[in-house]
1. Are there any pairs, at least 6 apart or on different chains, whose C-beta atoms fall under 9 Å, with the first in the range A:101-116 and polar (S, T, N, Q) and the second in a helix (DSSP H, G or I), and if so, which?
2. Give me a count of the residues in the range A:210-240 that are touching a residue at least 40 places away in the same chain (Cβ under 8 Å), among the β-branched types (Val, Ile, Thr) and assigned to a loop (DSSP other than H, G, I, E, B).
3. Restricting to the range A:171-209, give me the number of residues that are over 30 Å from residue A:86 (Cα atoms) and in a loop (DSSP other than H, G, I, E, B).
4. Would you check if there is a residue in the range A:64-75 being among the acidic types (Asp, Glu), surrounded by fewer than 22 Cβ atoms within 10 Å (Cβ to Cβ) and modelled with pLDDT of 95 or more?
5. With the requirement that a residue be facing chain B (nearest Cβ under 10 Å) and crowded, with 21+ Cβ neighbours inside 10 Å, what does the range A:241-271 give you?
6. Of the residues that sit in the range A:286-317 and are under 24 Å from the mean Cα position of the chain (by Cα), surrounded by fewer than 20 Cβ atoms within 10 Å (Cβ to Cβ) and more than 8 Å from chain B (Cβ to nearest Cβ), which one is nearest to residue A:235 (Cα to Cα)?
7. Looking only at the range A:181-207, count every residue that is closer than 22 Å to residue A:18 by Cβ and in contact with a Pro (Cβ under 8 Å, 6 or more places away or on another chain) and tell me the total.
8. Could you list, in sequence order, all residues of the range A:23-59 that are of a type in the set (Asp, Glu), free of Cβ contacts under 8 Å to residues at least 40 places away in the same chain and surrounded by 10 or more Cβ atoms within 10 Å (Cβ to Cβ)?
Amino acid sequence: MTDKKKVAILWLGSCGGCDETIVDINELILGVVNSVDLVLWPVALDFKYHHIEKMADGEIALGIINGHVRNSDHAEMAKLMRQKSQVILAFGACACFGGTPGLANLRSKEDIFRWVYQEAPTVINPKGVCPQTTTRVDGKELTLPEMFESVHSLDQVIDVDYYLPGCPPPPYLVLKAITAFLENTLPAKGSSLASHKALCDTCPRNASKPNKVAITEIKRIHEVEADPTKCFLSQGIICMGPATRSGCGESCININIPCRGCFGHIELVADSGAKFLSGLASMIDADDEAGLEKISDQVRDTIGYLYRFSLPISIMNQKKLQSDEVKSDD
Amino acid sequence: MKEKEPKIVCFSCRFSWGYLVSEEDIAARLENWIPIICTGKIDPVHILTAFRQGAEGVLILGCPEGDCHYQDGNIEARKRITLLYNVLQSYGIERERLKLHLGADPEGKTMPQLVKEMADTVRKLGPRSGDTPTQKKSATRTK
């Protein structure tokens, strides 16, 4: 038996990038592994879920969960982790805010299934086969998880103690969070383990921002050769920096790509998309309604810009997971 | 059976709308009325929250163009609203459900009529799908 703190790392609906960023701690991960007892990490270690089920409640000191909750399997595992863990860390934009898959909340589940299994041009499915939660094959019943109506952030399903945003969170922040956990220096429950400033505050181009940004034309980043020294907004390129939490190390800005908002909202902001829209509107320089409409039309996929990572927690979309959605709980 | 009146949330600037009468007087005639000091104070958060809480339409009454008490708050509001239309459309909320009306009525006599006109417009659109924007089918797929 070991007296090391037990840590579990779980992925729900995610791309694997969050697990990859833990690996990207590189050789420092060896120190972490020496300091804790990893009891679950599906992407790297061969522990099974029933090992977790057999553990006592609260036996895991830290449960790190990445990915959003979209189906009954995700919800079941999230609840199991909550039961067995003292501290739950929502890891990455999907767990914290729903992430890019959350944009699927603009469509119904039926619409998504119809497109994916029938209507998409690359699909050939004359029999209209569509996955079912239960299927009988050779007298045996096979089951699949139930897909929910919408994508949920982790805290819409279970109680979350800490948030580490980012798509994915950068390795240095991961290490900082794990170190804080090991040294018992975690902040108050509910905190985000990233900067409290807005990205604009730490952006290397901040000094180039004019006192008043006047946008007369909105351009997409691939349509222009952006000046790598000037504020994107002053160049008419939408950058989510004013409404996004800092801490990413400005990795996108440094390769001349505007901020897309993966670190989510700043403290005390209910809906960062709506707040950014306010700011963007004040920068638009149009004298009349026609000019305003013209610039407005230049913003392609407004909702995709504003809520690229956060639609499930936005004012219009925030929905706690209803218990009746989880059929496996019955 | 009498048709239920659509729920309209009305924000109005106190510098142009009903400043000669008491707030109680207007509130007695208008349900869901929110007096504000400038339409430039209205954030998209407030409008989205109104829709989230079940508003069928949102009417914003601001000062006449060129006559804003705070210089250009009403123009700022117009910019926000124009950008917000795109967001509402994605949620399946028609742009007619959000209207900015610039004008002045110190006694606020026309306010109930403007709300009624908004209600008529909204009634023609039919009911909103409540708080489940994900269920709306109005978004069109681009192939």
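The values are calculated or read from the model by the stated rules, or taken from the named source; none is laboratory data. Please read these numbers as outputs of a predicted model, since none were measured by experiment. A quick note on method: Cβ atoms are made from the backbone with ideal geometry, for glycine too, and the neighbour counts reach across all protein chains shown.
1. A:105/A:311; A:105/A:312; A:105/B:133; A:105/B:134; A:108/B:134; A:108/B:135
2. 4
3. 4
4. yes
5. Within the range A:241-271, the first condition is being facing chain B (nearest Cβ under 10 Å), and the residues that meet it are A:269-271.
Result: A:271, single match.
6. The selected residue is A:300.
7. The total comes to 4.
8. Within the range A:23-59, A:37, A:53, A:57 meet the criteria.
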